[in-house]
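Working notes, structure below.
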Amino acid sequence: MKPMTTDNNAPTIRVAGVTKHRGTQAVLRDVSFEVPQGQIVAVLGPSGAGKSTLLRCINHLETIDGGKIFVQGQLIGYREQGDVLVELPDAEISLQRRRIGMVFQQFNLFRHVTVIENVMAGPMHVLGQSRTQATALALDLLARVGLAEKADAYPNQLSGGQQQRVAIARALALKPSVMLLDEPTSALDPELSQEVIAAIRQLATDGITLMIATHEMALARDFAERVLFMVNGELVEDRPARAFFDAPQHERARQFLARHGD
Ligand SMILES: Nc1ncnc2c1ncn2[C@@H]1O[C@H](COP(=O)(O)OP(=O)(O)OP(=O)(O)O)[C@@H](O)[C@H]1O
Ligand SMILES: [Mg+2]
């Protein structure tokens, strides 16, 4: 019998007792949390805390050593065989990733094609949409991130903030239910990051579940509903954003806010 790996009433993201090592170093230590649909979560913590690793594990860009990760009730990256987890074949992992958009600090656009072609690639090659359908979708998404007029430009003709907005539109083109953003504004100067923050805020109104790793407290304060604060691979605070910013409990969180506060 096939093990049951989907459950429609489940939280959108469930991370249950996840551990991960790199060599002898524990980079995720028994991390557990659940994110309901549509919640906006900021992942904060000092450099090296494991924020990027956590986001990459949710998308199975990295393997885990223990625990389980579910997105919309589906076990990510593995299937259960008795008590052990067996890694899924690449094709199945690719299917799972369609529901999980990811945007990195370095917007990895395809350099040799136009902005609109960047956004159309996923819908055409992954979702099998026609060129006409994909064009309409891409124009709509570019309008949503304020870049309709740049559709025919090449990435190197855009500012960093504009390129990052294209990267967001491209991730959205696969209609993910979850978006993971890893330092989406940290390669940008403050003015350009405002543009990107505005584009992310737009996503937040659409009911997409968002997890954002960031060092920018302005971004986190602006619209995160909840903060996960990590130190040395451990999730040490998990609280509503307002409560976290008003009165962080953990000593490292207090230090962190004193250093990064505005
Ligand atoms: N490719 C890698 N090879 C070896 N160790 C790595 C690699 N990437 C990250 N690490 C280590 O894993 C730990 C967690 O790193 P991670 O990148 O997840 O931290 P982070 O919280 O995202 O930090 P930052 O705020 O600097 O982005 C760190 O100790 C880091 O040195
Ligand atoms: Mg990181």
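Here are a few things to note about the model shown:
- Every residue from segment 86-110 that is among the aromatic types (F, W, Y), exposed (fewer than 15 other Cβ atoms within 10 Å of the Cβ) and within 14 Å of the chain's Cα centre (by Cα): none
- When we screen L139, L172 for residues that are closer than 19 Å to G207 by Cβ and either in contact with a Gly (Cβ under 8 Å, 6 or more places away or on another chain) or surrounded by fewer than 23 Cβ atoms within 10 Å (Cβ to Cβ) (or both), the only hit is L172.
- R252 vs. criteria open to solvent by 10 Å² or more (accessible area, probe 1.4 Å) and more than 16 Å from V43 (Cα to Cα): no
- Only one of the listed residues (S177, S159, S130) is within 24 Å of I100 (Cβ to Cβ) and among the hydroxyl-bearing types (S, T, Y). That residue is S177.
- Among the residues of segment 24-48, the ones that are more than 18 Å from R226 (Cα to Cα) and either part of a strand (DSSP E or B) or open to solvent by less than 20 Å² (accessible area, probe 1.4 Å) (or both) come to 6 in all.
- Lone qualifier among M230, M179, M211 - being more than 14 Å from the chain's Cα centre (by Cα), among the aliphatic types (A, V, I, L, M) and open to solvent by less than 10 Å² (accessible area, probe 1.4 Å): M230
- Among the residues of segment 86-118, just one is in a helix (DSSP H, G or I), of a type in the set (G, A, S) and under 29 Å from G160 (Cα atoms), namely S94.
- Test: residue in segment 250-259 that is of a type in the set (A, V, I, L, M, F, W, C), under 27 Å from A148 (Cα atoms), modelled with pLDDT under 90 and in a helix (DSSP H, G or I): no
- The residues of segment 182-198 that are open to solvent by 30 Å² or more (accessible area, probe 1.4 Å) and either within 16 Å of ligand 1 (Cβ to nearest atom) or at positive phi (or both), listed by number, are S186, A187.
- Scanning segment 233-249 for residues that are farther than 17 Å from T19 by Cα and either without any contact (Cβ under 8 Å) to a residue 12 or more places away in the chain or open to solvent by 60 Å² or more (accessible area, probe 1.4 Å) (or both) returns D238, P240, R242, A243, D246, A247, Q249.
- Restricting attention to segment 71-85, the residues being part of a strand (DSSP E or B), open to solvent by less than 70 Å² (accessible area, probe 1.4 Å) and either within 21 Å of I208 (Cα to Cα) or out of contact with any Pro (no Cβ under 9 Å at 6 or more places or on another chain) (or both) number 5.
- Looking only at segment 40-82, residues that are β-branched (V, I, T), in contact with an Asp or Glu (Cβ under 7 Å, 6 or more places away or on another chain) and within 14 Å of ligand 2 (Cβ to nearest atom) come to 1 in all.
- For segment 160-169, a residue qualifies if it is open to solvent by 10 Å² or more (accessible area, probe 1.4 Å) and in contact with a helix residue (DSSP H, G or I) (Cβ under 6 Å, 6 or more places away or on another chain), and the qualifying residues are G160, Q163, R165.
- Taken as a whole, the structure places P190 among residues that are over 26 Å from G77 (Cα atoms) and either away from ligand 2 (no atom under 16 Å from the Cβ) or out of contact with any strand residue (DSSP E or B) (no Cβ under 6 Å at 6 or more places or on another chain) (or both).
- Among the residues making up segment 214-226, those that are within 16 Å of ligand 2 (Cβ to nearest atom) and either crowded, with 18+ Cβ neighbours inside 10 Å or aliphatic (A, V, I, L, M) (or both) are T214, E216, M217, L219, A220.
The values are calculated or read from the model by the stated rules, or taken from the named source; none is laboratory data. Being a predicted model, the structure only gives us computed values, none of them experimental. All Cβ positions, glycine included, derive from the backbone under ideal geometry; neighbour counts span all protein chains shown. These accessible areas exclude ligands, DNA and RNA; they are computed on the full protein's heavy atoms, side chains included. Shrake-Rupley method; radii C 1.70, N 1.55, O 1.52, S 1.80 Å.
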